[in-house]
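First the structure, in the form of structure tokens, and then the observations on it.
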Amino acid sequence: MHTTWMRLWGMVAVVLLLAPLMAVGQPRPREARQDKSSDRSRGEVQVINDWRDEINLSMRSDNQERLGEWSLRPGENVVLQERGERIRVRPNYKITVGDGGNWVDVGQIGQFRNGTWYVNVRDVWAATHQDRPAGRDARPGEAQPRDPSPRGEESPLDQILKKIK
């Protein structure tokens, strides 16, 4: 009888020691997303090439998975598709224009209305090429704004106004 009780208490002790370890080893259920608005702002992307040249546009997901690359003609207004299906993006997906630019979140430059992200190429360019002054483009053939008054010279209008005074 003594060995039976010892065996029984030994099993109880083992169960009490192993039960917490088993509970920790169980898979945990997925936690609910805290920001439900990010799901509602997932939608198709409509891009408007309001640039004067043909541009190359690239897009990646938030985990850097390539979604696609597109070439858009000037004035073109398209909903982005990959393999014949319209792609749906979230605000934290990345977009860039051209080859040497940085990436910017779609949510920073696009507007979300009625389940669609509306993106202008100029806004993407401005956000990804912030190292250039506003309104200037260092691409070959781009006209740079000219300084209206050369150094050391006055404009003809200034000279006339001085004579009148």
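Descriptive notes on the structure:
- Ligands, DNA and RNA aside, Tyr118 has an accessible area near 60 Å² when probed at 1.4 Å.
- Taking amide H as placed 1.01 Å from N in the peptide plane, the amide H of Glu44 sits under 5 Å from that of Val89, Trp117, each at least 5 places away or on another chain.
- Computed E for Gln111/Leu18 - FRET, C-beta separation, R0 41 angstrom, nearest 0.05: 0.10
- Ile164, Ile55, reordered so the largest accessible area comes first (probe 1.4 Å): Ile164, Ile55
- The distance between label points at Gln130 and Glu85 comes to 3.5 nm (points 7 Å beyond Cα on the Cα→Cβ vector).
The values are calculated or read from the model by the stated rules, or taken from the named source; none is laboratory data. This one's a predicted model, so the numbers in the text were calculated from it and none came from an experiment. Positions of Cβ are generated from backbone atoms using ideal geometry, with glycine treated the same way; all protein chains shown enter the neighbour counts. SASA here: full protein model, heavy atoms, side chains in, ligands and nucleic acids out. Shrake-Rupley method; radii C 1.70, N 1.55, O 1.52, S 1.80 Å.
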